[in-house]
Amino acid sequence: MQILVVDDETDVRDLFLQRFRREIRNGEMSFSFAFSGEEALTYLRAHQSEVLIILSDINMPGMSGLDLLSHVKEEFEMPPTTMMMITAYGDNASYQQAMSLGANDFLTKPVDFAVLKEKLQHLLP
């Protein structure tokens, strides 16, 4: 399962690689990282058929995660199966907006990796 993590905090990369090292080693999951919404779109245009899940921060400079979500839903005929939004602000307005734009799930920071792993395991083929 190919997962694209989009977050302007670059230390997220090391955190995900550490927390999912067993799944990566077993070949269950593979992670790519983009550090802006714009970078994520560029990556998706080149690797569209490979990405099954996008985990995106909402609050990023430039293109927000919600903007990215809109672009993905509009631009790609076969959008990734699942798009999960992650935010430090677990407010109801952000949740409602993400869901109305087509997000499949919504997580708050700091990310509970046990919960995230469980959600991702349910998506494994």
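The numbers here are math on the coordinates, done by the rules we state, and not lab data. These figures come from a predicted structure and were not determined experimentally. Every residue, glycine as well, gets a Cβ built from its backbone with ideal geometry; the counts of neighbours run over all protein chains shown.
I'd like the FRET efficiency for R25 and H122, computed as 1/(1 + (r/R0)^6) with the beta carbon distance as r and R0 of 25 Å, rounded to 0.05.
Plugging the Cβ-Cβ distance into 1/(1 + (r/R0)^6) gives 0.75.
Among P79, P110, P61, which one moves the most in a GNM of the chain with springs linking Cα atoms closer than 10 Å?
Among P79, P110, P61, the largest mean-square fluctuation in the Gaussian network model of the chain belongs to P110.
Using alpha-carbon pairs under 8 Å, 6+ residues apart, how would you state the relative contact order of the chain in percent?
Across the chain, relative contact order equals 24 percent.
Dividing the alpha-carbon radius of gyration of the chain by 2.2 N^0.38 Å (N being the number of residues), what value is obtained?
In units of the globular-protein estimate, the chain measures up at 0.97.
Kindly state, to the nearest 0.05, the FRET efficiency for E74 paired with D8, given R0 = 22 Å and r defined as their beta-carbon distance.
Efficiency for this residue pair is about 0.50.
Taking Rh as the Kirkwood radius computed over C-alpha pairs, what is the Stokes-Einstein D of region 52-94 at 20 °C in a medium of viscosity 1.002 mPa s, expressed in µm² per second?
In µm²/s, the coefficient is 196.
For n ≥ 4 DSSP H runs only, could you compute -39500 (n - 2.57) per run for the chain, divide by its residues and tell me the 222 nm figure to the nearest 500?
For the chain, the value works out to -13000 deg cm²/dmol.
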